[in-house]
Amino acid sequence: MIRSLQNIQSAFSLVRIYMVLVTVITVAVSGYAVWKSFQFAEKQREKIYVLDGGASLLMALQQDVNQNRPAEARAHVKLFHEYFFTISPDKSAIEQRLIQALALAGNEAYEQYKNLKEDGFYDRVIAAGINCEIQTDSVIVDTNVYPFMAYYYGKTAIVRSSNITYRNLETQCELISCARSDNNPHGFVIEKWKILDNSDLSVVNK
């Protein structure tokens, strides 16, 4: 009988120890979970979400993209003209820049390139060691009506060994939205591209 009571007391002691251990572990796990929750909440407070009139986050982000479209349109037009009109007397460099330019534009730009090539313009540039450079003055884009109408104003310099010919450059085009890619990061295609003026301004002898 005494031995049985001792066994029962030992069993109760073990149960109490187990209960204490389980309680300590539960409290520790709960405390860790609460601490991580507070950490997560603090990180979320550091993020700022801008909403307009109760609109969804997706709508707010879309509005932000639309607000930036005029700047992207101007950058697209400028980049195309820099690729198309910057020419060095190196066949591979010319081909590379024209590939980049034609990735930003449609059929009219390709037709202009084809006419210049058939006329022997690029061959003469290579043979004479001519460099063609471009300077952008301004790009105007009307985003009130789609497709966007764009106007480019700049100057080109044809650098020969004996002189430099400066020319005025004015063009117009329409901008059509398209999917973005590595070759077309702004998501536009230049259509109905037309050179309005490419007249000589001056010739400076070296």
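Can you name every residue in the range 89-109 that is small (Gly, Ala, Ser) and either touching a strand residue (DSSP E or B) at 6+ places or on another chain (Cβ under 6 Å) or touching a residue at least 60 places away in the same chain (Cβ under 8 Å) (or both)?
Hits for the range 89-109 are ALA103, ALA105, GLY106, ALA109.
Checking every residue in the range 197-206 against the condition of being modelled with pLDDT of 95 or more, part of a strand (DSSP E or B) and surrounded by 15 or more Cβ atoms within 10 Å (Cβ to Cβ) gives zero matches.
The values are calculated or read from the model by the stated rules, or taken from the named source; none is laboratory data. Source: prediction; values computed, not measured. Glycine also receives a Cβ, built like all others from the backbone with ideal geometry; neighbour counts cover every protein chain displayed.
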